[in-house]
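Encoded as structure tokens, the structure appears first; notes follow it.
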Amino acid sequence: MRKTPACILCATLALLSSGIACAAERIDVTTDQPVADLSGRARTGIASFYAKMFYGRKMADGKPMDPDGDNAASRTLPLGTRARVTNLATGESALVTIQDRGPYVKGRIVDLSPATARAIGLTPQSGLAKVEVTPIYVPLPDGRMRWGEGSLVALASGGQLRGSVAAE
């Protein structure tokens with residue numbers, strides 16, 4: 001059976017609208033690692049939470065994983081990013097700090113501490129939730145920070161973030 005360009009286009013649009021392809025990340029072909037997302041833009045995808053075996057283990061920033069803390073893991077957001085995670089099914093949200101790398105399961109964009117997962121209505125029974133991760137600020141490699149879509153700066157400027165970089 002020959003697939004027409006129209007069929008391929010329809011299949012792609014169906015995947016995009018279902019949210020499956022929304023969590024796609026850019027990969028650096030030389031290192032095979034995700035490219036850092038310094039944009040400050042909100043992203044939608046699937047969230048999970050840390051398993052008990054990770055409690056107390058050292059995270060990427062060197063601190064122990066605290067199951068009662070606001071720590072979270074992202075493969076693309078820089079360490080130190082502050083973000084709001086909103087469960088799209090319940091509308092509940094919580095603030096997190098990106099302190100670790102992961103999740104390493106395809107299609108997931110953030111791993112949450114158990115306390116944060118509970119705060120947004122993510123339970124061990126459900127295991128996963130579709131969420132929006134909205135950065136408040138993103139640390140840049142040169143020491144400055146970029147205000148994200150979730151910041152008061154972005155809200156005050158009507159969401160216009162172009163060039164919104166502040167010195168620390």
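No lab work stands behind these numbers, since they all come straight from the coordinates. Predicted model only: the values in this text are computed from it and were never measured. All Cβ positions, glycine included, derive from the backbone under ideal geometry; neighbour counts span all protein chains shown.
Annotation: the range 35-166 has a Kirkwood hydrodynamic radius of 14.7 angstrom, from the mean reciprocal C-alpha pair distance.
Close amide H pairs (under 5 Å, H built 1.01 Å from N) link Thr81 with Ile98, residues at least 5 positions away or on another chain. Full extension of the segment from Arg57 to Ala89, taken as 0.36 nm per residue of separation minus the current Cα-Cα distance, would add 8.5 nm.
Remark: the range 134-140, residue by residue, has Karplus-estimated 3J(HN,Hα) of 10, x, 8, 8, 10, x, 9 Hz, where x stands for each Gly or Pro and the curve is 6.51 cos²θ - 1.76 cosθ + 1.60 at θ = phi - 60°. What the phi angles of the range 76-86 give under the Karplus curve with 6.51, -1.76 and 1.60, with θ = phi - 60°, is a coupling list of 10, 6, x, 4, x, 5, 9, 8, 9, 10, 10 Hz, glycine and proline written as x.
Of the GluC sites (Glu not before Pro) found in the range 92-162, no site is in coil according to DSSP while having at most 13 other Cβ atoms within 10 Å of its Cβ. Here the extension length gained between Leu152 and Ala42 equals 38.2 nm, from 0.36 nm per residue of separation less the Cα-Cα distance. Whole-Hz Karplus values for the range 99-108 come out as 10, 8, 9, x, x, 9, 10, 4, x, 9 Hz, taken residue by residue from phi with 6.51 cos²θ - 1.76 cosθ + 1.60 and θ = phi - 60°; glycine and proline positions read x.
Summing charges over neighbours of Arg57, with a neighbour being any other residue whose Cβ is under 11 Å away from its Cβ, gives +1 when K and R count +1 and D and E count -1.
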